[in-house]
1. Under 5 Å between amide hydrogens, which residues at least 5 positions from E174 or on another chain qualify, with H placed 1.01 Å from N in the peptide plane?
2. Compare the peptides 240-253, 143-156, 312-325, 173-186 by average per-residue count of other Cβ atoms within 10 angstrom and give them in order, highest first.
3. Highest first, please rank the peptides 199-205, 265-271 by the mean number of other Cβ atoms sitting within 10 Å of their residues.
4. Give me the distance in nm between label points sitting 7 Å out from Cα along the Cα-to-Cβ direction at T82 and D96, one decimal.
5. Could you list which residues have their amide H under 5 Å from that of L137, counting only those 5 or more apart in sequence or on another chain, with H placed in the peptide plane?
6. How much length, in nm to one decimal, is gained on full extension between E109 and N269, taken as 0.36 nm per residue of separation minus their Cα-Cα distance?
7. Does a label point 7 Å from the Cα of D237, set along Cα-to-beta-carbon, have any residues of the range 262-293 with amide nitrogen under 16 Å, and which are they?
8. On a C-alpha basis, how far is the centre of the range 176-201 from the centre of the range 291-331 in Å? Whole number, if you could?
Amino acid sequence: MNHLHRFIWVGAASLFVTLSAASGQAFAASSGGSNAQPGAKPKVIKTAYQAKRKAYAKRPSARIVRPARPSDGMRAGLHGATDPLSLRSSVAYVIDQETQEVLLSKNEEAVLPIASLTKLMTGLLISEAELPLDEMLTITQADVDTEKGSTSRLRVGSTLSRGELMHLALMSSENRAAHALGRTYPGGLQVFVEMMNAKAQLLGMQDTQYVEPTGLSSKNRSSARDLAVLVNVASDDPLLREYSTSPAYQVAVGRRKLMFSNTNRLVKNPTWEIGLQKTGYISEAGQCLVMQARVAGRNLIMVFLDSAGKLSRLGDAERVRRWVESIPARPVVPLTENHLDAKSPIFF
């Protein structure tokens, strides 16, 4: 028993001596010891908590997200205008294509950048020129965007037919394709741009100006009323209707096969009957959309400019469609003898 007590006492004494020594070393380290030089900074033993706090402080701060550059419409205060449908687009114009009845108008006379809506005029001129669609054209360095620095899947040196380039320009808004179409027009790019402006004047588009065929330049400008005129004419062209509304399109570029999709997801929506469409975006123009579509038995032309969000232009189109569908159908006037005797002509 005495041996057991002695063993416990010796162990406790050894533990006490060890702890005392460790405490003395910690004190010496924190105070610099008796041999520390005057004015020297005391050494500090960092705890695990302090080390964790320092590591957290070194973590990179959250990325600062700067607001997008305001569009020309925003700077002009057009988003302050209201409308019965609470549209997100600062400019909207909806008309009945047959009767020319204006169903909805909002800042329709404002002249703004139109971004890739420009390509609708580009496609119209190429189609009307009846240039061979199977002629092979090559993307050159001249087709590379120096205005906005945008990228393209069509590399310099890629060769496609004129028809393929036109399809990609209208469907997926391919900038190099649109530029190549204008560059290879008889007479060159300058002549093509002159033809774009001449066609606009011929159609009565007095608020419209073009400086290049892609829409990357904010100097390509128009109004919703002018664009409705362009959509009305373009929707009569079967080629423009087909190319602009196809959901997807694959092209072979050398040994590569590239699949392109339509920039307007509404063309894949079975509840929509879209005859012609074109989207557009640059920061100065905001999100833009023009369409010719059949809604509630009526062929409508819709123009939305300077929409605030990426999907809001599509949301505005949906709001307009639901609103038009809610309008009671006009009563059909029966054809009677009195109507036949009327002086106004009747067309069969």
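FYI, it's all coordinate maths here, none of it is from the lab. Just so it is clear, the structure is predicted and the values come from calculations on it, not from any experiment. For neighbour counting, all protein chains shown are included, and Cβ atoms are generated from backbone atoms with ideal geometry for every residue, glycine included.
1. Long-range HN contacts for E174: A169.
2. Going from most to least packed, we get 173-186, 312-325, 240-253, 143-156.
3. Highest to lowest by the protection proxy: 199-205, 265-271.
4. 2.8 nm
5. Here the answer is L160, S161, R162, since their amide H atoms fall under 5 Å of that of L137.
6. 54.5 nm
7. From the range 262-293, the list is 275-279, 290-292.
8. That distance is 31 Å.
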